[in-house]
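These notes concern the structure reproduced below.
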Amino acid sequence: MEKIQLRKETIEALLELRKAKRVSLEGNILKIIDPGDHKEFAAYIKQAIADDKSKQKRRLDITKKIQNQNKQLLNAQDENERITEELRVALEETDNAKCEALNELDVLQKRTQFQLVQTIVKVALGLVIGVGVLTTILYVVSMFTNKDTQLIGTAWSNMFGILLTNAFSIIGTIMGVKYASNSKSDSES
């Protein structure tokens with residue numbers, strides 16, 4: 001490669017610039033400048049090459065440091081994405097488990113209500129039938145023993161009316177509660 005020689009004024013200007021502002025030439029240009037017999041300029045070139053190598057080394061170190069930090073950031077980002085995905089899956093599973101538990105609770109409540117209604121209806125019907133049968137037996141016994149049946153007949157008639165009214169009232173109340181609870185659960189869904 002052919003070396004270039006600078007004029008004396010240029011050399012002196014470069015030396016003065018370095019003394020005044022601490023600025024030197026950098027880069028590949030230093031490799032092709034021939035200082036000639038100017039010892040101060042030769043020292044300038046030698047020092048500028050050493051400074052340039054030092055700056056290049058610092059830039060390379062900074063670049064490596066930045067690359068390592070970028071690599072760490074990318075790894076951290078991948079880890080964050082993995083954790084976020086795991087959290088999303090866990091949240092979905094939790095929501096599904098919650099919905100399943102609420103459905104099971106609703107089914108259990110409806111089953112318990114149905115069993116309670118069944119028990120109340122059975123007991124009410126048992127009472128109605130029991131009192132009706134008992135009153136009828138008393139009425140029949142009175143008729144066969146030739147006792148005065150007017151009072152028992154009226155009581156029998158009134159009791160059947162009251163028992164039937166109460167039985168329908170109980171059943172109606174139960175059905176109303178069941179309808180209200182169904183309407184409430186439908187509106188919550």
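The values are calculated or read from the model by the stated rules, or taken from the named source; none is laboratory data. The structure presented is a predicted model; accordingly, all values stated were derived computationally and were not measured. Don't worry about glycine lacking a Cβ; one is built from the backbone with ideal geometry, like all the others, and counts go over all protein chains shown.
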Item to complete: Would you be able to tell me the number of residues in the range 102-136 that are without any contact (Cβ under 8 Å) to a residue 12 or more places away in the chain, closer than 26 Å to SER157 by Cβ and either touching a helix residue (DSSP H, G or I) at 6+ places or on another chain (Cβ under 7 Å) or of a type in the set (Val, Ile, Thr) (or both)?
Response: 3
Worksheet item: Checking TYR44 against (1) out of contact with any helix residue (DSSP H, G or I) (no Cβ under 9 Å at 6 or more places or on another chain); (2) within 30 Å of GLN5 (Cβ to Cβ); (3) assigned to a helix (DSSP H, G or I), which single condition isn't satisfied?
Response: (1)
Discussion item. From the list LEU105, LEU91, LEU116, exactly one residue is in a helix (DSSP H, G or I) and either within 30 Å of GLY161 (Cβ to Cβ) or hydroxyl-bearing (Ser, Thr, Tyr) (or both). Which is it?
Written reply: LEU116
Discussion item. Just checking, does the range 53-66 include any residue being surrounded by 12 or more Cβ atoms within 10 Å (Cβ to Cβ) and either within 23 Å of LEU6 (Cβ to Cβ) or modelled with pLDDT of 90 or more (or both)?
Written reply: yes
Discussion item. If the requirement is being exposed (fewer than 11 other Cβ atoms within 10 Å of the Cβ), within 30 Å of MET175 (Cβ to Cβ) and either modelled with pLDDT of 95 or more or among the hydroxyl-bearing types (Ser, Thr, Tyr) (or both), which of these qualifies: THR112, THR84?
Written reply: THR112
Practice prompt. Give me the pairs, please: first residue somewhere in the range 21-36 and under 12 Å from LYS53 (Cβ atoms), second residue anywhere and assigned to a loop (DSSP other than H, G, I, E, B), beta-carbon distance under 9 Å, and either six or more positions apart or on two chains.
Written response: LEU30/SER24; LYS31/MET1; LYS31/LYS3
